[in-house]
1. Any idea how many residues of the stretch 174-216 are closer than 30 Å to Pro236 by Cα and among the acidic types (Asp, Glu)?
2. Inside the stretch 166-177, can you point out the residues that are crowded, with 23+ Cβ neighbours inside 10 Å and either without any contact (Cβ under 8 Å) to a residue 12 or more places away in the chain or of a type in the set (Phe, Trp, Tyr) (or both)?
3. Looking only at the stretch 22-49, which residues are free of Cβ contacts under 8 Å to residues at least 40 places away in the same chain, of a type in the set (Val, Ile, Thr) and surrounded by 11 or more Cβ atoms within 10 Å (Cβ to Cβ)?
4. Just to verify a result, which residue in the stretch 1-21, among those that are among the β-branched types (Val, Ile, Thr) and surrounded by fewer than 23 Cβ atoms within 10 Å (Cβ to Cβ), is farthest from Gln166 (Cα to Cα)?
5. Checking Lys91 against (1) out of contact with any strand residue (DSSP E or B) (no Cβ under 8 Å at 6 or more places or on another chain); (2) surrounded by 15 or more Cβ atoms within 10 Å (Cβ to Cβ); (3) at pLDDT below 85: exactly one of these is not met. Which one?
6. Considering only the stretch 54-84, how many residues are within 22 Å of Tyr167 (Cα to Cα), surrounded by fewer than 20 Cβ atoms within 10 Å (Cβ to Cβ) and acidic (Asp, Glu)?
7. So which of Arg270, Arg259, Arg231 ends up being in a helix (DSSP H, G or I) and crowded, with 21+ Cβ neighbours inside 10 Å?
8. Does Gly141 satisfy the criteria of being touching a residue at least 24 places away in the same chain (Cβ under 8 Å), surrounded by 18 or more Cβ atoms within 10 Å (Cβ to Cβ), more than 30 Å from Arg29 (Cα to Cα) and small (Gly, Ala, Ser)?
Amino acid sequence: MSKINIGGQAVIEGVMMRAPRSLAIAVRRPTGDIVVRKEEVIPLSERFPIVKLPVVRGAVALFSSLITGIKALNFSANEAMVEEEKEGEEKQELSSWAMAGTMAVAFGFGILLFFILPLYLTKLLTPIIGTSNIVFNLVDGVIRVVVFILYIFAISRMNDIQRVFQYHGAEHKSIFAFEAGDALTVENVRKYSCLHPRCGTSFLLIVMLVSIVVFSLIPKLWPFYLKAGSRIVLLPLIAGLSYELLKWSAKNDQSPIVRLLIAPGLGLQRLTTREPDDSQLEVAIRSMEEALEVNSGYKDDRLVI
């Protein structure tokens, strides 16, 4: 079991854990009890061998994580607001169309905020920075990273988001304990760090940095609408390359050079994680135990984000 790579995501009043062949979401209701949804997951690579290819697997991981994450958030939002279930009453969850709409809005907002806005601001600065393609893309990249960090900082000040970030810390601590082979108890899990090298926060920062290099390949003479459109088209490539870098760094995180390279991502996690309390650790542990039970000892080296 120690060779299984497990990833996770903080949700509203809970944690989702993902093993190679399973998924579990544990949420604490206002009544204090923990409700769990778990299921077996068939890896896409078994149905579509092309998904195993480097870079391709990263692009697929990005979009599948987005779908899974929104479903988990929907489940947690419903359960976190349930005080007591009335007989015969059914919970209302998002339909497939509503889910698709939510994903489209979330994805579109991310593209506009982190890719189109920095491009537009850099275009406005052209009279100051000149027409050098290298300088243009460096300034664009710096603006993109700054916007990303400011966005994370802004939402981290919200009380509800701070609780999500506490569950994020609980998720990381539980994964660390599992990877160390410790028994999954609150006492054991509590001692570990909230900062994990395979965190999605680090992945997003890598995406921001990789995009600087990839976008430098776009001809500087292209009009704004072509540059903006090409950024959307190149997102799968950027996600794939970023995934490979994250996978490589996770396997070599004992190297001093790699530790230096992943330090910015770990630093950014100080904004997206908070120290959890014991009740939150219990939820993360429950989620992991349920995911491992469904996973049934299956082993591989697939990196889960």
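The values are calculated or read from the model by the stated rules, or taken from the named source; none is laboratory data. These numbers come from a predicted model, not from an experiment. Note: ideal-geometry Cβ built from the backbone for every residue, glycine included; neighbour counts use all protein chains shown.
1. Qualifying residue count for the region: 1.
2. Tyr167
3. Val41
4. For the stretch 1-21, the residue satisfying everything is Ile4.
5. Result: Lys91 fails condition (2) only.
6. Qualifying residue count, the stretch 54-84: 1.
7. Numbers: Arg270 fails: crowded, with 21+ Cβ neighbours inside 10 Å; Arg259 fails: crowded, with 21+ Cβ neighbours inside 10 Å.
Answer to the check: Arg231.
8. yes
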